[in-house]
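Reading through the structure tokens given below for one structure.
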Amino acid sequence: MTDPDRQIWDGMLGYLRRHAAGVCRQWFEELAPISVDGGALLLRAHSNVHRDYLRNSCSEPFNDAARTVSGRLLAVRFLGPDDPVPVPQRDAGRARSIVEPKLSTHADDPSPGQPSVPEVRGVHSPSPRISAAARESMGGGRTQMDPHESTIVRNEETLVINPDYSFEHFVVGSGNRLAHAGAVAVAGNPGRSYNPFFIHGGVGLGKTHLLQAICIQLKEQSPNAVICYLSCEGFLTHFIEAVGSNEMEQFRHRFREVDCLIVDDIHFLAKADRTQEEFFHTFNSLYSASKQIVLSSDEAPEEIPNLEERLVSRFKWGLVAKVEAPDFETRVAILKNKARLRGLALPDEVAAFIATRIHKNIRELEGAIGKLQLLVAVDSRPIDMDMATQVVGETPPKPTSEPTIQSIITTVTDFYRVRLVDLQSERRQRSVAQPRQVCMFLIRHMTRHSLEEIGGYFGNRDHTTVMHAIKMVESRRIQEPDFDIVVQSLEDRIRAVTP
Ligand code: ADP
Ligand code: MG
């Protein structure tokens, strides 16, 4: 890797911290840049779980960072620890060496010049039987894996798991000790310790985390094991599609020929009678072959409404473990753990302050850390009690005087690193259009200037353009929590400098 190429990667890390703070993790530092070649920056992750997660959840911000920092149409390709470096088409004959010495160049790679990086075992295109949602969650540029969408994981397909959800990052406390111990036992000895393993409990208490931790460990210890991890809704979707296309044979084969079946949120089965029947047979077939079954639900088996008795009793054959809300010490430990993952220094008093205010749902604790991460990026200062107060919703009273257009524009242009002349120009690229819209929104929201005045200020634009910009910002604030936090933080900052 040449010095200018390394500079691109270093610049990208800084850009990501500033503009995509929500996705940034401490382990991004461990990604190894290999080369910039054929219009792509190759980055090597230290596990396939990290690689797949990056491909699925981080492609868009990484590509954006690569384009902005390099100033050209540069894309990012993620490799796993054993993936060969692809040889660009133009160089195929000359086989230019662009690989670190410790890795094999795989000169016999059958697909030189492929725009996407070939896998050691080959990532097959997802089967046409898999729903569009599942396909997208396997290969699309989504920002976050939604556990409610089906993600089928088989050894010939990409495992889409959040690397944060490993046993290593799971904090054990009184509320989850049994569930954690069960999960560790099942992952260490699948099919033979507790079968099925059933975790239940309220929202945001770590069920999905434990299910994914089992997947991660199984994948590490037996890379060839066929693990099928999906949400109950995924199972229902596959079933309905199979019925519709008359492919029940393939469906049965798909779910009964696995080493481990992991279904999240199985309580959704209660709503679909025919799938209960099908799941019953799938269960029996796997169980009699000593294949591991892991299930999670928001209720204990006997409390899932409308679940057939024969399934209730089967779900209780192995270990049923409940997860409960964490105690204060566990909440503090979780906050510190999540902050470490995101590379944030979290003062003890801030952790304690947040832990006393959020007690029921761990997802909210994680949300608080995510908001702190964004504030750190926006304000460029370490975490303090002021930020913590902002994050848990006890905001200081707002001043009554109106900010100036100038203070709004300076705050926004500083944050997005654009110039006022760009905002006033005709340019429509996202990097300019987005701050322009945010400026228009904030001016309209925080001052008494009319739509016409605002439009006039931004390069003589029509008042309908301003209205459109405001609507865009409003709808994005609803749909994208990270964006909402950025806008809120900009507003707080403007108010802070308003006398
Ligand atoms: P559930 O599936 O029970 O609704 P999740 O597994 O999605 O909850 O957990 C919500 C969030 O809380 C995730 O970010 C997860 O990592 C985190 N979390 C839950 N329990 C723990 C724990 N004991 N240690 C660390 N993080 C946890
Ligand atoms: Mg869940």
Restrict the check to the stretch 406-413 and report whether at least one residue is in a loop (DSSP other than H, G, I, E, B) and farther than 30 Å from residue 208 by Cβ. no
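Taking the options 259, 265, name whichever one is of a type in the set (Asp, Glu), under 27 Å from the mean Cα position of the chain (by Cα), modelled with pLDDT of 90 or more and within 16 Å of ligand 1 (Cβ to nearest atom).
Being of a type in the set (Asp, Glu), under 27 Å from the mean Cα position of the chain (by Cα), modelled with pLDDT of 90 or more and within 16 Å of ligand 1 (Cβ to nearest atom) holds for just one of 259, 265, which is 265.
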Of the conditions (1) more than 12 Å from ligand 1 (Cβ to nearest atom); (2) within 23 Å of residue 320 (Cβ to Cβ); (3) at pLDDT 90 or above, residue 233 clears all except one; give me its number. (3)
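Is it true that residue 263 is part of a loop (DSSP other than H, G, I, E, B) and buried (at least 20 other Cβ atoms within 10 Å of the Cβ)? Before you say what the answer is, go through the steps one by one.
Working: part of a loop (DSSP other than H, G, I, E, B): no; buried (at least 20 other Cβ atoms within 10 Å of the Cβ): yes.
So residue 263 does not fit the description; no.
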Which of the numbered conditions does residue 377 fail, given that it passes all the others? Conditions: (1) without any contact (Cβ under 8 Å) to a residue 60 or more places away in the chain; (2) in contact with a Lys or Arg (Cβ under 6 Å, 6 or more places away or on another chain). (1)
Criterion first (more than 29 Å from residue 363 (Cα to Cα) and modelled with pLDDT under 90) does residue 254 satisfy it? yes
Residue check: is residue 437 within 31 Å of the chain's Cα centre (by Cα), at pLDDT 90 or above and not charged (D, E, K, R)? yes
Restricting attention to the stretch 180-199, which residues are within 15 Å of residue 323 (Cα to Cα) and either more than 9 Å from ligand 1 (Cβ to nearest atom) or in a loop (DSSP other than H, G, I, E, B) (or both)? 181, 182, 183, 184, 197, 198
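If a residue has to be surrounded by 15 or more Cβ atoms within 10 Å (Cβ to Cβ) and at pLDDT 90 or above to count, how many in the stretch 460-476 make the cut?
Looking only at the stretch 460-476, we keep the residues that are surrounded by 15 or more Cβ atoms within 10 Å (Cβ to Cβ), and these are 461, 465-467, 469-470, 472-473, 476.
The next check asks that each one be at pLDDT 90 or above; those that pass are 461, 465-467, 469-470, 472-473.
Total satisfying the criteria: 8.
Being of a type in the set (D, E, K, R) and part of a helix (DSSP H, G or I) is the filter; apply it to the stretch 477-491 and report the residue that is farthest from residue 414 (Cα to Cα). Please lay out each step first, then the result.
Filtering the stretch 477-491 down to residues of a type in the set (D, E, K, R) leaves 477, 480, 482, 484, 491.
Narrowing the set further to residues that are part of a helix (DSSP H, G or I) leaves 477, 482, 484, 491.
Numbers: 477: 20, 482: 18, 484: 18, 491: 13 Å.
For the stretch 477-491, the residue satisfying everything is 477.
When you scan the stretch 1-112 for strands (runs of 3 or more DSSP E) that lie fully inside it, which ones turn up with 1 or more residues that are at pLDDT below 90? Reasoning before the result, please.
Details: elements: 32-37, 40-44, 75-79.
Result: 32-37.
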If we scan the stretch 238-248, do we find a residue that is aliphatic (A, V, I, L, M) and modelled with pLDDT of 95 or more? no
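Could you list, in sequence order, the residues of the stretch 298-317 that are assigned to a helix (DSSP H, G or I), out of contact with any strand residue (DSSP E or B) (no Cβ under 6 Å at 6 or more places or on another chain) and surrounded by 15 or more Cβ atoms within 10 Å (Cβ to Cβ)?
The initial filter retains those residues of the stretch 298-317 that are assigned to a helix (DSSP H, G or I), namely 301-303, 309-315.
Next, from what is left, pick out any that are out of contact with any strand residue (DSSP E or B) (no Cβ under 6 Å at 6 or more places or on another chain): 301-303, 309-314.
Result: 301, 311, 314.
The values are calculated or read from the model by the stated rules, or taken from the named source; none is laboratory data. No experiment lies behind these values; they were computed from the predicted model shown. Ideal geometry is used to build each Cβ from the backbone, glycine not excepted, and the neighbour counts take in all protein chains shown.
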